[in-house]
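The structure appears right after this line, and notes come after that.
Only the coordinates and a few stated rules stand behind these numbers; no lab work does. The structure displayed is predicted, hence computed values, not measured ones. Don't worry about glycine lacking a Cβ; one is built from the backbone with ideal geometry, like all the others, and counts go over all protein chains shown.
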């Protein structure tokens, strides 16, 4: 059930109606049923897998919580992590690992048996909810969270449908307390949620899907396209991924808000980041902060005597995990490694950069920093979007070698894309720098605010792409 | 040693590690309150604290420090 489909909005409207008509005590049970239906509609065959993982993690949490024996607690933690990672590795990385292992054996002429590949499809949302369950058992082990005793509340923490398939990767500490409150109908939640959904639809249907049509055309014919055209398409891809994923997040957060829940923000004007460390504090925050809390910090703190080398090792491991989290492919590993190398460079040069920043006007330094960060992100996304490393190399070569005219399809294509990107970025610029004295979408004047959303909806109807295109992060 | 005394000594360590004379710590100070408090400076600060008080924190303690107050209490628990 795609968030931009009519079926989803019918499901949402019906669920909201039933949710608020039911007595407050029955609402969480209803949300579990609605979430199971939502998941079953998308992929019914893995409903038992998710149910099994819920039960196992629930029991592991209780096991850790009610055991004072240090070794037993650790045993429960390792068992929980082993089960969660085992499921993730089996479904997502098994074939990739076997393929590479067979190739490795092939170098020594040792591959004689047929490789044990498995013919399976990836359970939807697996990478997202597995990270939630690992976070949960780790928090209970660390003592920062008490194990949830109510299995229904724990189930809803995993299953809550607005975040089930593409996140945000929610923390139990933030979500579970929300399940203990009595949610009353609040008109404000519905209007705020609706506005957030409208903004998400604009980003997805007008910005991301418009760019996608152009970008796909260029990429499938890149051998015949000029270098400038490919470069332009690559730059637009950065806006596309941002609009696609943050648009999804807006719809998820808006939907949750309508039911009275606050989910974690996933983006904070990432394309205005001043360096790569800053970028990762603003991009897919629920994933980057998860990796920071459960991988990076434990490594650097455990190996703090290693000084900088401990930090560098932590960065390399963390970003390889972030890279490969996106999929079982070497281009994602390289994408992650590039981010780590860029941040290591930033650490090593920070004193020199501080000196430079004092010699030139601050606004020039900041704007140049934003530009260089954007260009680096765009470059790394060339690797991210390519199926193989050789495809990425070929594409980069074509930017410098290919001759010809700049291709922009029709003038309307360019107009819709540039207008959409401009509106999206102007809102981000205003949020970041508070430059406009007259906010449009967040104006305190009711009439201005409603008119701005009316304009947004009309623009979606005029310029939106309604072909049911899937979200990019759905496949991760 | 009282919490206030530890806080004063920590303030000196923070000024030295973060190279910022303007730092004034309170128990509620967190990473978001100090611009230069990144992962590298955090490690340097922790090792400086451990050296100063001749203590060694457990990994779990370090992961659970949410603000300067938690760090003060962690030091106090170790030196008594």
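Between residue A:174 and residue A:347, the contour length at 0.36 nm per residue exceeds the Cα-Cα span by 59.1 nm. Expressed as a fraction of 2.2 N^0.38 Å, the C-alpha radius of gyration for the range A:392-462 is 1.63. With a ≥ b ≥ c taken as the square roots of the eigenvalues of the C-alpha gyration tensor of the range B:3-79, please select rounded if a/c is under 1.5 and otherwise prolate if a/b is larger than b/c or oblate if it is not? Verdict is rounded for the range B:3-79.
Test of understanding: ordering A:267, A:384, A:161 by Cβ neighbours within 10 Å, fewest first, what list do you get?
Values: A:267 19, A:384 23, A:161 27.
Final ranking by Cβ density, sparse to dense: A:267, A:384, A:161.
Dimensions of the range A:346-396 along the principal axes, based on C-alpha atoms and rounded to the nearest Å, stand at 42, 22, 13, largest first.
Give the peptides A:95-103, A:131-139 in descending order of average Cβ contacts within 10 Å, highest first.
Working: A:95-103: 13.8, A:131-139: 23.2.
Final packing ranking: A:131-139, A:95-103.
Rounded to 0.05, the FRET efficiency of the residue A:436 and residue B:3 pair, given R0 = 30 Å and the Cβ-Cβ distance, is 0.10. Structural size metrics of the range A:285-332, computed from C-alpha coordinates, are Rg and Dmax of 11.4, 34 Å. Placing a label point 7 Å from the Cα of residue A:150 along the Cα-to-Cβ direction, the residues of the range A:61-82 whose backbone N falls under 17 Å of that point are A:62. Over the residues of the protein assembly as shown, the helix contribution to mean residue ellipticity at 222 nm works out to -22000 deg cm²/dmol, using -39500 (n - 2.57) for each DSSP H run of at least 4. Just want the ordering: A:421, A:348, from fewest to most Cβ atoms lying within 10 Å of their own Cβ. Fewest-to-most Cβ neighbours within 10 Å comes out as A:348, A:421.
Set the Cα radius of gyration of the range A:1-79 against 2.2 N^0.38 Å, with N its number of residues, and you get 1.54.
Over chain A, Cα pairs under 8 Å with separation of 6+ residues give a relative contact order of 18 percent.
Just the Kirkwood number for the range A:170-310, please: inverse of mean 1/r across all distinct Cα pairs, in Å, one decimal. Could you put the intermediate results ahead of the total?
Numbers: mean 1/r = 0.0558 Å⁻¹.
Every distinct Cα pair counted, the radius reaches 17.9 Å.
By the equivalent-ellipsoid construction on the alpha carbon gyration tensor, the protein assembly as shown comes out with semi-axes of 36, 32, 29 Å, ordered largest to smallest.
Looking at the range A:66-210 from every direction and averaging, what is the projected area of its Cα convex hull in nm²?
Numbers: hull surface 57.9 nm².
Mean shadow area of the hull around the Cα atoms is 14.5 nm².
With one equal scatterer per alpha carbon and no solvent term, the Debye-computed log10 I(q)/I(0) for the range A:317-380 at 0.12, 0.13, 0.15, 0.26 1/Å reads -0.40, -0.46, -0.57, -1.06.
Counting only other chain Cβ atoms within 10 Å of each residue's Cβ, the peptide A:300-313 averages 4.
Computed over the range A:189-463, the percent of Cα pairs more than 33 Å apart is 29.
Using 0.36 nm per residue and subtracting the Cα-Cα separation, the extra length available between residue A:9 and residue A:119 on full extension is 36.2 nm.
Direction-averaged projected area, Cα convex hull, the range A:229-346: 8.9 nm², rounded to one decimal. Hey, with R₀ at 30 Å, roughly what FRET efficiency would residue B:77 and residue B:32 work out to, going by the Cβ-Cβ distance, to 0.05? It comes to 0.75.
Angle check, please: helix B:68-79 long axis (alpha carbons) against the longest principal axis of chain B (alpha carbons), in degrees 0 to 90, nearest 10. Around 30 degrees separate the two axes. Averaging sequence separations of C-alpha pairs under 8 Å and six or more residues apart, then dividing by the length of chain B, give the relative contact order as a whole percent. With pairs under 8 Å counted, the relative contact order is 39 percent.
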